[in-house]
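Asker: My questions will all concern the structure given below.
The values are calculated or read from the model by the stated rules, or taken from the named source; none is laboratory data. Everything quoted here is computed from the prediction, not taken from an experiment. Every residue, glycine as well, gets a Cβ built from its backbone with ideal geometry; the counts of neighbours run over all protein chains shown. The accessibility values were calculated without ligands, DNA or RNA, using every heavy atom of the protein model including side chains. Shrake-Rupley method; radii C 1.70, N 1.55, O 1.52, S 1.80 Å.
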Amino acid sequence: MTVTVLAILETDFKPEKALAKVMNDRLVRTAKELQEAHFKPLSGRGFSDDDLVVYISYNPKYKIRYRIVNDVPADIEYFVAECCGRLGFILWRANAIGVSSEAGHLGFQ
């Protein structure tokens, strides 16, 4: 399984420039840490054409939110939810942003 975690830096709110840089840097580091450490047990699992793509971003209250943007088995979805929940992240609701249409535009199904 190929695991990809993408930090979505564009948000529906605009923090001050200095704060935005700190927040964006933290989000990029968090995405890398999720992909390389927390989701590492998923790498190589299953067939080589299986993918897990997760977006992370901030909500307006500066809390990190996550969303799986492709179809994955229920056990993978549960693993991601468990891991993100332990880290204090919240589920990124579909109505918060048109993620599914954006994901399709980027080539993710």
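Asker: Would you please list the contacts, defined by Cβ atoms under 6 Å and residues six or more apart or on different chains, that run from a residue in segment 60-82 that is at negative phi to a residue that is of a type in the set (S, T, Y)?
Answerer: So the pair list comes out as R65/S57; R67/Y55; V69/Y55.
Asker: If we scan segment 55-69, do we find a residue that is outside any loop (DSSP other than H, G, I, E, B), modelled with pLDDT under 90 and among the charged types (D, E, K, R)?
Answerer: There is no residue in segment 55-69 that is outside any loop (DSSP other than H, G, I, E, B), modelled with pLDDT under 90 and among the charged types (D, E, K, R).
Asker: Then there's this: For segment 80-109, enumerate the residues that are surrounded by 13 or more Cβ atoms within 10 Å (Cβ to Cβ), at pLDDT 95 or above and outside any loop (DSSP other than H, G, I, E, B).
Answerer: V80, A81, C83, C84, I90, L91
Asker: Scan segment 15-31 residue by residue and report those that are open to solvent by 30 Å² or more (accessible area, probe 1.4 Å), free of Cβ contacts under 8 Å to residues at least 12 places away in the same chain and either assigned to a helix (DSSP H, G or I) or touching a Gly at 6+ places or on another chain (Cβ under 9 Å) (or both).
Answerer: Scanning segment 15-31 gives K17, A18, L19, K21, V22, D25, R26, R29.
Asker: Still on this structure, please answer the following. Confirm whether D51 is surrounded by fewer than 20 Cβ atoms within 10 Å (Cβ to Cβ), charged (D, E, K, R) and touching a Phe, Trp or Tyr at 6+ places or on another chain (Cβ under 9 Å).
Answerer: Yes, satisfied.
Asker: State which residue is least open to solvent (accessible area, probe 1.4 Å) when the search covers only segment 32-43 and only residues that are free of Cβ contacts under 8 Å to residues at least 40 places away in the same chain and under 17 Å from G85 (Cβ atoms).
Answerer: A37
Asker: Condition test on V72, is it among the aliphatic types (A, V, I, L, M) and either in a loop (DSSP other than H, G, I, E, B) or touching a Lys or Arg at 6+ places or on another chain (Cβ under 7 Å) (or both)?
Answerer: Answer is yes for this residue.
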